[in-house]
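Only one structure is covered here, and it is reproduced in the block below.
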Amino acid sequence: MSSRFTLLPLVLLAITITGHAQNITITTKQGFQLKADYFEPLNEENKAVLLLHQCNLNRTMYEEIGNELRLRGMHALSLDFRGFGDSTNESFDRKNLRKLPQKERRAAFKAIREYWPQDVQQAYNFLREKIGKKGHIGVIGASCGGKQAKIIAEKNSIKAINFFSSAMTNGENGAKYYKENFSEIPTLFISAEQDATYKFTQEGFTLNDNKNSKFISYKGNKHGYPLLIQDQHLAPTIAEWFDQNLIN
């Protein structure tokens, strides 16, 4: 695991406040405008959490979790992936992909996803600037967001991870990769027993060696955000776990 990080210049074109979050715009080097919700803590600590949504939703799925993190003194940033939510333009818009034939739709979606790692990196850099070099950053990846959580953790100093209905291992190669790169990081695994991610989420927990790692399982087949609706205690549980694990 590399602990290197590079601070890239960010251009905040707009900041508005809705509820407990500031709606911000982060402009990429190519001029694309990424939209995000920034939850600024009342009593600031050097802790932050990056929130990466599942692919059938957008950044708003993290409103409750973002506020719970804020109340505990942690910075939180919920990013709309390029092509989702408000991070769209004429060329990058998930809604337009639905109009394409299946083969073209898959190719177009793959092309959009290729931008996500660099977009997520800029969101990470935003939080890093907020808390400084000595601060601690965690990441939540729901469903497809789990892959982006993995990528950002490979390239930066991530102190805690939550794989939320998102599998980290898949077969022998996946298990070996996880063991070599992620098994020492405190990780919160969440999945429902009948969800497609459950088997490999459970495997990831088994392979994880950190004593502070935790596995929360549910009956049924709910995937990601619906679990937050089913269990009203889940959002504060997630926030409290990050507060306890974003430490040296």
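Exactly one residue among SER217, SER183, SER191 is in contact with a Leu (Cβ under 8 Å, 6 or more places away or on another chain) and touching a residue at least 24 places away in the same chain (Cβ under 8 Å), and that residue is SER183.
Only residues that are under 24 Å from LYS150 (Cα atoms), in contact with a helix residue (DSSP H, G or I) (Cβ under 9 Å, 6 or more places away or on another chain) and of a type outside the set (Val, Ile, Thr) were counted in the stretch 31-57, giving 18. Checked against (1) in contact with a Phe, Trp or Tyr (Cβ under 8 Å, 6 or more places away or on another chain); (2) among the aromatic types (Phe, Trp, Tyr); (3) modelled with pLDDT under 95, PHE109 passes all but condition (1). In this structure, ALA239 qualifies as touching an Asp or Glu at 6+ places or on another chain (Cβ under 7 Å), closer than 21 Å to LEU50 by Cα, buried (at least 18 other Cβ atoms within 10 Å of the Cβ) and in contact (Cβ under 8 Å) with a residue 60 or more places away in the chain. If only residues of the stretch 91-141 that are in contact with a Lys or Arg (Cβ under 8 Å, 6 or more places away or on another chain) and small (Gly, Ala, Ser) are counted, the one that is farthest from THR28 (Cα to Cα) is GLY135.
Of all residues in the stretch 105-124, none that is more than 26 Å from GLY138 (Cα to Cα) has its Cβ atom under 7 Å from the Cβ atom of a residue that is at pLDDT 90 or above and buried (at least 19 other Cβ atoms within 10 Å of the Cβ), 6 or more apart or on another chain. Of the residues LEU127, LEU57, LEU50, the single one that is assigned to a strand (DSSP E or B) and touching a residue at least 12 places away in the same chain (Cβ under 8 Å) is LEU50. Does THR197 fit the bill of being β-branched (Val, Ile, Thr), without any contact (Cβ under 8 Å) to a residue 40 or more places away in the chain and either in contact with an Asp or Glu (Cβ under 8 Å, 6 or more places away or on another chain) or more than 26 Å from ASN248 (Cα to Cα) (or both)? So THR197 does not fit the description; no. Residues ALA160, ALA167, ALA153: which one is in a loop (DSSP other than H, G, I, E, B), at negative phi, surrounded by 19 or more Cβ atoms within 10 Å (Cβ to Cβ) and of a type outside the set (S, T, N, Q)? After applying the criteria, what remains is ALA167.
The values are calculated or read from the model by the stated rules, or taken from the named source; none is laboratory data. Please read these numbers as outputs of a predicted model, since none were measured by experiment. So basically every Cβ, Gly included, is an ideal-geometry build from the backbone, and we count neighbours across all protein chains shown.
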